[in-house]
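> Quick one: the structure is below, questions incoming.
Only the coordinates and a few stated rules stand behind these numbers; no lab work does. Here the structure is a predicted model, which is why all the values come from computation and not from measurement. No Cβ is skipped: glycine too gets one built from the backbone with ideal geometry, and neighbour counts run over all protein chains shown.
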Amino acid sequence: MHPETRHLVLTWAILMGLTTALGFAGDVLHASRLGVAFLAVIGVVTLVKARLVLARYLRLETAPGFLSGFTGALSVTVALIVLSFAVIHQPLVAKPFTGAPVERSAPKH
Amino acid sequence: MMWLLIAAELLVFGAALLGYAGSRALDPVGFAAAQDGLDRLAGTINTAVLLTSGLFAALATEARRRGERGRTRLLLTIAALIGSIFLVVKAHEYAVEIAAGNGLDTSTFHTLYFLITGFHAVHVIFGIVILGIVMIFDDLEHVETGTAFWHMVDLVWVVVFPTLYLLR
């Protein structure tokens, strides 16, 4: 395999691993609320993925100034978004109370 | 020129996502309830789909640099086909949302969700068209420009997905 091809495939494998990690951190299969630590993990993983796309796919690793500029702008944006979710944290919405509990009759033998 | 476009697109999507975060801060309960209706697994699958398509686009650029024109066209075709899977999954998500009675004017969350993801989906369509064009006009410069646009579409989704689907 050509070295550059191997480099790109390795990057893709890392991106897939990080996407899976994001799925776990974001608890994609449940309608749960996330703790602040998980919000931070999602923010960091998102930025690492974005930097990998910029550096490897878009080849900005050959232009460090541009890479830093784009990464910096994305970092500020993601940090502000995550911070807003962490500050105004929404607990799991409880189901509305719909009436008095129904009394069960004793089981028949 | 392409880098100016990429920077402008990132600014537009960045502003939209900051606007989303601001709107959510005004109605966290409504946003949480509406967001729970999204298919987060489909969003995760679509992230993997776009990043895989991006790999083939990047491999196509490398092949073109080595002068392998036939391989470049093949890799660009694969990138475009995988990219179209993203649109199929997205269409399925929209169909489920609409069947559940959720549209553009259902809530602020749904307005922003449909606008941001719809605008991104339009970019995916343009990206696939551009990949098709650079398959024909396959100078190295054209291939680099076309795949750079495609990677920008990748990059935007990398930030859009966790913001709209995961953060809560």
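> For the range A:25-93, what is one quarter of the convex hull surface built on the Cα atoms, given in nm²?
Details: hull surface 20.7 nm².
Dividing the Cα hull surface by four gives the mean projection, 5.2 nm².
> Output ³J(HN,Hα) for the range A:67-76: one whole-Hz value per residue in order, computed from phi by the Karplus curve 6.51 cos²θ - 1.76 cosθ + 1.60 with θ = phi - 60°, and x for Gly and Pro.
Calculated HN-Hα couplings, in order: 4, 5, x, 5, 5, x, 4, 5, 4, 4 Hz.
> Could you tell me the ratio Rg/Rh of chain B? Both radii from Cα atoms, Rh via Kirkwood.
With Rh from the inverse mean 1/r over Cα pairs, Rg/Rh is 1.03.
> Pairwise over distinct Cα atoms, reciprocal of the mean inverse distance: report the Kirkwood radius of the range B:64-113 in Å, one decimal place. Kindly include the intermediate steps, with their values, before the conclusion.
Details: mean 1/r = 0.0740 Å⁻¹.
So the Kirkwood estimate lands at 13.5 Å.
> How many nm is it between the label spots at A:R6 and B:R71, if each spot is 7 Å from the Cα in line with the beta carbon?
Distance between label points: 1.5 nm.
> Still on this structure: Report the equivalent ellipsoid semi-axes for the protein assembly as shown in whole Å, largest first, defined as the square roots of five times the eigenvalues of the gyration tensor built from alpha carbon atoms.
Values: eigenvalues 297, 79, 62 Å².
Equivalent ellipsoid semi-axes, largest first: 39, 20, 18 Å.
> Let me ask something else about it. For B:I98 and B:V12 in the same chain, what is the full-extension length gain: residue separation times 0.36 nm, less their Cα-Cα distance, in nm? Could you put the intermediate results ahead of the total?
Working: separation 86, 0.36 × 86 = 30.96 nm, distance 2.61 nm.
Result: 28.3 nm gained on full extension.
> Taking Cα centroids, how far is the range A:1-68 from the range B:132-168 in Å?
15 Å
> As a check on your grasp of the helix formula, calculate [θ] at 222 nm for the protein assembly as shown: sum -39500 (n - 2.57) over DSSP H runs of n ≥ 4, divide by the residue count, round to the nearest 500.
Details: 9 runs with 205 residues, N = 277.
Calculated mean residue ellipticity at 222 nm is -26000 deg cm²/dmol.
> Between B:T111 and B:I136, how high is the FRET efficiency from 1/(1 + (r/R0)^6) when r is the Cβ-Cβ distance and R₀ = 30 Å? Nearest 0.05.
On the way: r = 39 Å, r/R0 = 1.28.
My answer for the efficiency is 0.20.
> Relative to the longest principal Cα axis of chain B, at what angle does helix B:40-65 sit, 0 to 90 degrees, rounded to 10?
It is inclined by approximately 20 degrees.
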